[in-house]
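A.B. asks: Pasting in a structure now, in structure tokens, and then I'll have a few things to ask.
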Amino acid sequence: MFLPIDIESVNRQEQLEEGEYHASCRTYASEDGACTMLHFEYKRVGDELPGACEIVFVEPDGRVRACDFLRMPDRSWRDSFGARADSLLTLLPHDAAGYRLLSVSELGVQHVGNAT
């Protein structure tokens, strides 16, 4: 939605509420350190929960997989393919639950709609 890469997805930035979204990135590594997961999160100013996120996996052989997720009105998550779950972790590969957090970076603000 915000990353400058094309992801085939049912989710669109226009589906988010208009406003300013604080962006952050959490970097995780698999238990063996071979895989990296970048979790970009977007939280609208004043909202309790993030409205969207994008996750990028970098595999040991250099392959990159990416997916975006949109928070639905019932607070569930919808992935790029349209699958829904109450927990984001449910929509990720099973081994992602064992990844360890390496760093958190604040990335500034993204604007949706006419918000400036």
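A.B. asks: Using only alpha carbon positions, build the gyration tensor of the chain, then give the equivalent ellipsoid semi-axes as the square roots of 5 times its eigenvalues, largest first, whole angstrom.
C.D. replies: Details: eigenvalues 113, 49, 36 Å².
Gyration-tensor ellipsoid for the chain: 24, 16, 13 Å.
A.B. asks: Over the range 18-94, what is the mean sequence separation of C-alpha contacts under 8 Å (at least six apart), divided by residue count, expressed as relative contact order in percent? Please report the intermediate quantities before stating the final value.
C.D. replies: Details: 132 pairs, mean separation 13.6, N = 77.
Answer for the range 18-94 is 18 percent.
A.B. asks: Next up: Under a point-charge model restricted to the Cβ atoms of Lys and Arg (+1) and Asp and Glu (-1), what is the dipole moment magnitude of the range 4-43 relative to its Cα centre, in debye to the nearest 20? Before the final figure, lay out each step's value.
C.D. replies: Numbers: 3 positive and 9 negative charges, 24 e Å.
Charge dipole of the range 4-43: 120 debye, to the nearest 20.
A.B. asks: Sort the following peptides by mean Cβ neighbour count (other Cβ atoms within 10 Å, averaged over residues), highest first: 71-82, 92-103. Don't skip to the end; give the middle numbers.
C.D. replies: Values: 71-82: 14.2, 92-103: 12.5.
Result, highest mean Cβ count within 10 Å first: 71-82, 92-103.
A.B. asks: Separate question: I need the GluC sites (Glu not before Pro) found in the range 9-116, filtered to DSSP loop residues with at most 12 other beta carbons within 10 Å of theirs.
C.D. replies: Working: sites: 14, 17, 18, 20, 31, 41, 48, 54, 106; in loops: 17, 18, 31, 48.
Of the GluC sites (Glu not before Pro), the ones in loops of the range 9-116 whose Cβ has at most 12 other Cβ atoms within 10 Å are 17, 18, 31, 48.
A short reminder: the numbers here are calculations on the coordinates, not readings from a lab. If you're wondering where the values come from, they're calculated on a predicted model, not measured in any experiment. All Cβ positions, glycine included, derive from the backbone under ideal geometry; neighbour counts span all protein chains shown.
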